[in-house]
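Every read-out reported here was derived from the displayed coordinates using simple, explicitly stated rules and does not represent laboratory data. Source: prediction; values computed, not measured. With ideal geometry, Cβ positions are generated from the backbone for all residues, glycine too; neighbour counts draw on all protein chains shown.
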Amino acid sequence: MHLRKNDLVEVVAGDDLGKRGRVLYIFPKDNRAIVEGANFIYRHLRRSREYPEGGRVQKEAPLDISNLKLVCPGCDKATKVGVKVVEREGRGMRLRICKKCGAEIEGRR
Ligand SMILES: [Zn+2]
């Protein structure tokens, strides 16, 4: 899994080609992720106390991770992610790096 929550990604296939957004949620088993602002689906609502008029709500649907690329904070391009192992505080740490410019990509978990 090369993507993490809160990563900025670009959609590289499908209807939302070129759209960028933050990863809101990852489903590791399905290799899918929800990206803010991408792949909207509409849900129709019955009339209820909450929605007296009924109506439609927009909601992001999961996208296949193979259709997403990480946007590098260094060069601002959708990129493939490499992994570099560095020594930090006496421990080997795996860092993600941009394959285009070599910038380290931090990711919060
Ligand atoms: Zn880069």
(message) If I ask for residues that are within 13 Å of L3 (Cα to Cα) and more than 8 Å from the ligand (Cβ to nearest atom), which ones from segment 69-85 would you list?
(response) K69, L70, V71, A78, K80, V81, G82, V83
(request) Test A38 against the criterion of being surrounded by 15 or more Cβ atoms within 10 Å (Cβ to Cβ) and outside any strand (DSSP E or B), and give yes or no. (result) yes
(request) Can you tell me which residue among R46, R96, R88, R20 is within 15 Å of the ligand (Cβ to nearest atom), farther than 13 Å from L3 by Cα and out of contact with any Ser or Thr (no Cβ under 6 Å at 6 or more places or on another chain)? (result) R20
(request) Scan segment 44-56 residue by residue and report those that are loosely packed, with under 10 Cβ neighbours inside 10 Å and assigned to a strand (DSSP E or B). (result) H44
(message) Condition first: without any contact (Cβ under 8 Å) to a residue 24 or more places away in the chain and either part of a strand (DSSP E or B) or surrounded by 19 or more Cβ atoms within 10 Å (Cβ to Cβ) (or both). Now tell me which residues in segment 62-85 satisfy that.
(response) T79, G82, V83, K84, V85
